[in-house]
Amino acid sequence: MIDNNFFEKQTVSSRVKASIVSEYFPKYAKIIIKKHIPEKIRYIDLFAGPGKYEDGNPSTPILVARNCKSDDILKNKVWMVFNDVEYSEQLRNNFYQEFNQDDFHFKPHFGHSAVGENEDIDRFITRSTIINRMNEAPSVLFIDPFGYKNIETNVLAQFMNYWGNELFIFINSKRINAALENEKFETIMECLFPTTFRNLQSQIRYKSTLMERLQFIINNLGEEYRSLLKSNIYYTAFKFQEEDINTTSHYILHITKSHRGYDLIKQIYNDFANIGTVFDGKNTYTFDPKHAENSIQDLFDNEVTNANIEKLASQLAQRFGGKEIDALSVFDATQKDNLYSRAHYTQALRKLVDDHKVSATFNDKKNHMVSVLLIKDCILKFE
């Protein structure tokens, strides 16, 4: 059921969510183009909403379109596919209040189908776009439903089979937590967790806190794609806290088969997280609207950030002890196995230089003002 008041006023968390996706997509598209110049690159939003809130703030469709229009390559390569069973016409009107019909080479599509009830949608997102062994329409699919009833993991996994395709799911894990213990939602839960439902249902009761339960749910959803695709994937969660109480509201789950996509999403998550989080296997990048402008929280976050840098620096010193290697290779060799972003790596390596545990030199004959950059020409010698 759609909350008819949802689009009255944009919350700060909704703004962050929209910014994460809209900042990610154009950078993703540029990575794709460096590998292969396809016929088109698709942005697909199955629950697009009206595009703007009643207070005038833009939501994800408008922000994505702005970022694509501002780039001469993307405005000729990106095809935006929007769908919303209730707000499709309103979205079209809001869209063309800002953009002209000829702003984009591929005219945006505005559908109005009910996801989960219209097989045409399933056929569209799972249809092969491979021509001569190359994906000629690599896509980012964004799903932001008002719950969890419309998510068919088997269908989404088929979409993920094709090179370059990536997935964002914005999901209310608290509703799933409650549904796991309610028999009338069992069919829905089996669609969401087709391979892990029984194990999830039996194991979640041993999680002692709500936070542990919610993180366990998100991890199981990520593992579904690894199991169904039978290949290596990277799934990364971004957590949103409630605005008025100290608990989790939603997660964004990003899923990719590309280590470049994994690198990029961590950079963007790190830009928008405002709560310091120690990456201990239980926590992830987090935004808490209660601390959006809290200087005391900033002090705490600095302590947590320093703890992450200390931990990563120690791991790198142990892994590469006695070796000489360029800084970019250090990053590429290890970033696939952790949540640390490029910013974390840069700070950790500079700390090792400051602590005289690493010496750094540049081969590019440029006058650098910093001790370490994540580039091939930055040569590190570990003690």
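See the values below:
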quantity	calculated
Selected residue (only one of ILE176, ILE233, ILE151 is touching a Phe, Trp or Tyr at 6+ places or on another chain (Cβ under 7 Å) and closer than 20 Å to PHE47 by Cβ)	ILE176
One residue from PHE238, PHE279 being touching a residue at least 40 places away in the same chain (Cβ under 8 Å), assigned by TED's automatic domain parsing to the domain that holds GLU181, surrounded by fewer than 20 Cβ atoms within 10 Å (Cβ to Cβ) and not in a helix (DSSP H, G or I)	PHE279
Failed item in (1) surrounded by fewer than 18 Cβ atoms within 10 Å (Cβ to Cβ); (2) over 27 Å from ASN246 (Cα atoms); (3) modelled with pLDDT under 90, with GLY147 passing the rest	(2)
Residue in the stretch 333-340 that is part of a loop (DSSP other than H, G, I, E, B), out of contact with any Lys or Arg (no Cβ under 8 Å at 6 or more places or on another chain) and either surrounded by fewer than 19 Cβ atoms within 10 Å (Cβ to Cβ) or aromatic (Phe, Trp, Tyr) (or both) present	yes
Unique match (being assigned to a helix (DSSP H, G or I), in the same structural domain as ASN232 (by TED's automatic domain parsing) and not hydrophobic (A, V, I, L, M, F, W, C)) among ASN150, ASN177	ASN177
Verdict on ASN165 being among the polar types (S, T, N, Q) and surrounded by fewer than 20 Cβ atoms within 10 Å (Cβ to Cβ)	no
Residue, farthest from the chain's Cα centre (by Cα), within the stretch 5-45, restricted to residues that are modelled with pLDDT of 95 or more and acidic (Asp, Glu)	GLU39
Selection from the stretch 118-135 of residues that are outside any loop (DSSP other than H, G, I, E, B) and surrounded by 15 or more Cβ atoms within 10 Å (Cβ to Cβ)	ILE121, ASP122, PHE124, ILE125, THR126, MET134, ASN135
The stretch 190-212, residues that are crowded, with 17+ Cβ neighbours inside 10 Å and either in contact (Cβ under 8 Å) with a residue 24 or more places away in the chain or over 15 Å from GLU223 (Cβ atoms) (or both)	CYS191, LEU192, PHE193, THR195, THR196, ILE204
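The values are calculated or read from the model by the stated rules, or taken from the named source; none is laboratory data. In this text the structure is predicted, and so the values were computed from the model without any measurement. Every residue, glycine among them, receives a Cβ derived from its backbone with ideal geometry; neighbour counts consider all protein chains shown.
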